[in-house]
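First comes the structure, then the notes that go with it.
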Amino acid sequence: MARPSRLSFALFACAALFSSATAFADGDTQPARDPKQPVDEAYTAKIQKYTTAPYFSSPLVDYLPASKNVPTPEVVLGDIAGAPGILPYAEDVYKYMRLLEKATPRVKVFSIGTTEEGRQMIAVAVSSESNLKNLEQNHQRLAKLADPRTFQLNDAEADKLVAESVPVYYITGTIHSPETGAPTALMELAYRLAVDDSPYVRDIRDNVITLITPVVEVDGRDREVDIYKWHLAHPKDFYPPLIYWGKYVAHDNNRDSMAVKLKLTENVLNTYVGWDAQVLHDLHESVPYLYDNTVGDGPYNAWVDPILVDEWQMVGARNVADMTKFGMPGVFTHGDFDTWSPGYLMFIAAMHNGISRLYETFGNDGADTRERTLEPDEYARTWYRANPPLPKALWSQRNNNNYEETGLLTTLHYFSDNRRMFLKNFYLKSKRSIEKPTTEGPAAYVLPSDDPRSTVQADLLRVMLKQHVEISRATSAFTVALPPKKEKKPKPGESEEKPKAAAPTSRSFPAGSYVIRMDQPYSRVADALLDYQYWSPDDPQKTPYDDTAWTFGEMFGVQVARVTDSKVLNVPMERVTELPAAGGIQGDGSLFAIDNHAEPALATLRYRLKGASIDAAEEPFRVADRKFNRGTFLIRSANRADLDAAAKSLGLRVVALSSAPNVKTHPVRAPRILYIHTWISTQMEGWWRLALDDLQIPYDYASTQALAKIPDLNAKYDVILFPPVGWNSSSTTIIDGLPTNWGNPLPWLNTPQTPNLGKVDSTPDMRPGLGWEGVAKLQDFVAKGGVLLTSTDTSQFALAIGLGNGVTATKSDKMKIVGAIVGTRLVDPASPIVYGYDEKVSAYCDNDPIFSVNSLLWSHRRRLDSDSNNRPTGRGTKDDPDYVVGRIATEIPEQPEHQQWEVPIPTDEQRDNNPRVIPPTDRARIVLRYADSKDLLISGLVENGGEIAQHPAVVDVPSGNGHVVLFSINPIYRGETENTYSLVLNTLLNFDNLNAGRKNEDK
Ligand SMILES: [Zn+2]
């Protein structure tokens, strides 16, 4: 591989000073060290030693410039960045960054918030002394470019600002804790940017503010380092997998940028927007050797500005070009990552007029040097990967750091060279976001003030505020024109004369309705989150990388109107920065009613008002002119002031009644909850835990192992929640766990050696699962009257251990519902599980299990086919009974017909001497079902949805004295599915009255 010689440095110096008519015709500063600056020889020797082959390095990082006053990472690490066996805790990384700050005016460290567990997050700014001195003035210019309304979208003014401004390039490291290389790479990068006097690095230092958050998932980093240290102390043993990263979720911490439920997302988002940065570049490690998946693959997110798409191509292609010229193998930018979902951390930039970027480099999950053998598809030469990775190579953390730093330095240099264009683009994207109502639409989204689910509406609006979206409130009622509905042409064979009600041409909204104007700088993120998604089954991309839909109005279950009529922008309105509390008590009386609209806050209230006696109405009722839903809370013996304060803080509207309505009720009690998790994965359940914690619903948290050891579950608990496990966990996996007949115990314990483990839960050995003893305990708990609630894979597990008589679950290969939103329908509105819901419920679905129900054990029902025909070939027409010559025609006995979601009533023939017939009181009660095929798709990708259409989605099965409530859907997911939270919460609050409103068949 060719490296620039000393001679070419000399030539370059001339080129830079006099003209570009030299060896470097393109005028670029060449990447190479400054021969006049001394090198830190010892550090450089170690770089060479730890790099496993010369082509895994570059002229940008194969040396370290020496400095008299600035310490190298070695002072904190005890060795160089990327050294084998060295993995610093976040605090050590911060310590080094603060040493840099002390030693040089070119580095400043900022605290950007804390994590769920109270650890600090930081951002480190590296730039020239003068850039950092003028940080505030520069930021004022960037803020104007970010919101060009401040200068009336004046292009000439923008050009002036662009010429005077220094852009901000924000780099974030190690959000994924087992991807361990970034912190040391970023320590060394900060040093290089502050110290290196080569023209190449000086360019960057003088023209860009590099902002670095070296550790994004701080809680997870510290646990990962614990495990690595344990591994170094037990080199021959298997080391425990990182079961917890952050307090709540693992890998999904990089899917939180829509709902912003995690601190790390909020802190990075606020830093990105607060600095008015131009780029957010997130570092990962799962692909050899550097996959700049910025360009990725289609389909691209349909809401991003095409200017951004163009920028992706530019930065991606240039990155590959530069590193290819260094002779570094395995650098590419196209691949199998589609750029559809806006849930990734980097997408904060894409949704806020910046540039989103992501590197996948190669890592060893720790700092061991290992021989790595790749899969054929990883080392194959393809059209986009002309110099692929090697099939087999010795790989070190230093190699990883070389790639990360080289990639970042070349890209920072390219960015610095083209900073005017990128700053101008930043302005243009902001300007075009503001011009959205006239150039592309819509004009606004409106959330009506009379939405009955006001607390959920407030939660959705809070997401918008977190996203820095401006919200206004109309001060009077208003009406907007609706886009004209296209008349559907009748299909061949359809009657043309069907009289149709004329489509409404306008819609009115009451005063106080929320208006999200699209003439604001961050209109794009609001538009992307509130709009609908359509993923064509014919899309050439056959493996969506993540969810295909997220439509927040549907996922939250609140009304969101997309308004194209630009007159909406003239409606008198006021900016809202805080959501007004809408709750509290109205009227006089000692009985208090809260109408049930399936708002999760109801459950919070139940737990908060421990002493109050609360009943649920089992039927809808009226008081004066007011209608109340099934499940309405009727609160007696509550202190009015306490209730008023609680209702106000939760946003719940309470009506005081002078007399009790004449309606059947049952008590709503706060159950004692046991929440169980496996040691296989905590990713899916983490979102449930976060939701319950947010709602302040207390629970005991125990692993499947611990459950088996609780002597009397019923004495301690009313409900067991078993959220989804993920990883397509089978029942065998849940019961057996990892094998214990080989290998060593895998401890997850808080010890002096591993001070960050064992906080959420702990075990001396992660391997054992629930075990058969645990299975028996669960069965016994339900038999004795407990309620077990399961979802997706844990529902399949419950069925596999014989809970849920008459329900079967299958998985389909043909069906493709990939993280989509589907329609479901209420089947039994009298079930307490669906209190407060309307007939149509939108739900998140991800190829969920297909439930079938029967009144006979061990039978699996086939879908009824409306076209099927029992009559054989014979005389007469299709509808005539069959006719046998020489015999009087007999009436065919009528067979009962059942819908797909219904439990069929057994026929007399079936009931005859048949112990497999489930008694009517023990049969499954179908609460919610999937919509008909034609109504299934609401948003995203639904292909061959007919397989799950009409099948049960939530089933309540009596079992012994208890119940098993089986969810086919996952109702609590990524903080985005608030619409279905109350299906779980209702089950909790009505745990001892789930049979309310149940009708049993006679036979
Ligand atoms: Zn990752």
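The values are calculated or read from the model by the stated rules, or taken from the named source; none is laboratory data. If you're wondering where the values come from, they're calculated on a predicted model, not measured in any experiment. No Cβ is skipped: glycine too gets one built from the backbone with ideal geometry, and neighbour counts run over all protein chains shown.
Tabulated data
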| item | result |
| --- | --- |
| Among residues of the stretch 46-87, those that are acidic (D, E) and over 17 Å from N400 (Cβ atoms), counted | 1 |
| Test: residue in the stretch 49-66 that is surrounded by 15 or more Cβ atoms within 10 Å (Cβ to Cβ), under 20 Å from S127 (Cα atoms) and small (G, A, S) | yes |
| Residue within the stretch 813-832 that is in a loop (DSSP other than H, G, I, E, B) and within 15 Å of F722 (Cα to Cα) present | no |
| Within the stretch 322-348, considering residues that are β-branched (V, I, T) and either in contact with a Pro (Cβ under 7 Å, 6 or more places away or on another chain) or surrounded by 19 or more Cβ atoms within 10 Å (Cβ to Cβ) (or both), the one nearest to S430 (Cα to Cα) | I348 |
| S198 vs. criteria farther than 28 Å from L264 by Cα, under 36 Å from the mean Cα position of the chain (by Cα) and small (G, A, S) | no |
| Long-range neighbours under 8 Å by Cβ, at least six apart or interchain, first residue closer than 17 Å to V525 by Cα within the stretch 547-573, second outside any loop (DSSP other than H, G, I, E, B) and at pLDDT below 95 | none |
| Residue within the stretch 191-205 that is within 16 Å of the ligand (Cβ to nearest atom), crowded, with 22+ Cβ neighbours inside 10 Å, farther than 24 Å from K436 by Cβ and touching a residue at least 40 places away in the same chain (Cβ under 8 Å) present | no |
| Hits in the stretch 260-293 - residues which are surrounded by 24 or more Cβ atoms within 10 Å (Cβ to Cβ) and of a type in the set (A, V, I, L, M) | L262, L264, V268, A277, V279, L280, L283, L290 |
| Qualifying residues in the stretch 574-588 (those that are over 28 Å from the mean Cα position of the chain (by Cα) and surrounded by 15 or more Cβ atoms within 10 Å (Cβ to Cβ)) - the one modelled with the lowest pLDDT | A582 |
| Checklist (1) among the aliphatic types (A, V, I, L, M); (2) under 23 Å from P178 (Cβ atoms); (3) within 26 Å of the chain's Cα centre (by Cα) applied to I355, failing item | (2) |
| Residues of the stretch 263-278 satisfying the condition of being away from the ligand (no atom under 15 Å from the Cβ) and of a type outside the set (G, A, S) | K263, E266, N267, L269, N270, T271, Y272, V273, W275, D276, Q278 |
| Single match in R861, R871, R875, R911 (criterion: more than 30 Å from T980 (Cβ to Cβ), modelled with pLDDT under 95 and either surrounded by 15 or more Cβ atoms within 10 Å (Cβ to Cβ) or touching a strand residue (DSSP E or B) at 6+ places or on another chain (Cβ under 7 Å) (or both)) | R911 |
| The stretch 167-195, residues that are within 22 Å of A250 (Cα to Cα), over 23 Å from the mean Cα position of the chain (by Cα) and of a type in the set (S, T, Y) | T184 |
| Test result for I969, assigned to a loop (DSSP other than H, G, I, E, B), buried (at least 18 other Cβ atoms within 10 Å of the Cβ), of a type outside the set (G, A, S) and in contact with a Ser or Thr (Cβ under 8 Å, 6 or more places away or on another chain) | yes |
| Scope the stretch 279-321; condition assigned to a strand (DSSP E or B) and either under 24 Å from K431 (Cα atoms) or more than 16 Å from the ligand (Cβ to nearest atom) (or both); matching residues | V279, L280, H281, T294, V295, D297 |
| Checking G85 against (1) away from the ligand (no atom under 16 Å from the Cβ); (2) touching a strand residue (DSSP E or B) at 6+ places or on another chain (Cβ under 6 Å); (3) small (G, A, S), the condition it does not meet | (2) |
| Filter pass, I175 being hydrophobic (A, V, I, L, M, F, W, C), within 25 Å of T361 (Cβ to Cβ) and within 15 Å of the ligand (Cβ to nearest atom) | yes |
| Some residue of the stretch 986-993 being farther than 25 Å from I614 by Cβ and modelled with pLDDT of 95 or more | no |
| Single condition N728 does not satisfy, out of (1) free of Cβ contacts under 8 Å to residues at least 24 places away in the same chain; (2) on the phi > 0 side of the Ramachandran plot | (1) |
| Failed criterion for I926 (all others in (1) touching a Phe, Trp or Tyr at 6+ places or on another chain (Cβ under 9 Å); (2) of a type in the set (V, I, T); (3) loosely packed, with under 10 Cβ neighbours inside 10 Å hold) | (3) |
| Test set (1) in contact (Cβ under 8 Å) with a residue 60 or more places away in the chain; (2) under 30 Å from L529 (Cα atoms); (3) outside any strand (DSSP E or B) - A953 fails condition number | (3) |
| Exclusive hit being under 27 Å from D718 (Cα atoms), out of contact with any His (no Cβ under 7 Å at 6 or more places or on another chain), without any contact (Cβ under 8 Å) to a residue 24 or more places away in the chain and surrounded by fewer than 19 Cβ atoms within 10 Å (Cβ to Cβ), set A800, A776, A783 | A776 |
| Residue tally, condition of a type outside the set (D, E), away from the ligand (no atom under 16 Å from the Cβ) and surrounded by fewer than 21 Cβ atoms within 10 Å (Cβ to Cβ), over the stretch 229-259 | 11 |
| Verdict on V215 being within 16 Å of the ligand (Cβ to nearest atom), in contact with a helix residue (DSSP H, G or I) (Cβ under 8 Å, 6 or more places away or on another chain) and among the aliphatic types (A, V, I, L, M) | yes |
| Helices (runs of 4 or more DSSP H) (entirely within the stretch 658-766) containing at least 1 residues that are buried (at least 22 other Cβ atoms within 10 Å of the Cβ) | 683-694, 704-707, 731-736 |
| Condition check for R929: in contact with a Pro (Cβ under 8 Å, 6 or more places away or on another chain) and under 30 Å from L690 (Cβ atoms) | yes |
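Yes or no, residue by residue, for (1) exposed (fewer than 15 other Cβ atoms within 10 Å of the Cβ); (2) over 14 Å from P214 (Cβ atoms):
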residue	(1), (2)
N69	yes, yes
V75	yes, yes
A81	no, no
L99	no, no
K102	yes, yes
P105	yes, yes
E136	yes, yes
L142	no, yes
Q152	yes, yes
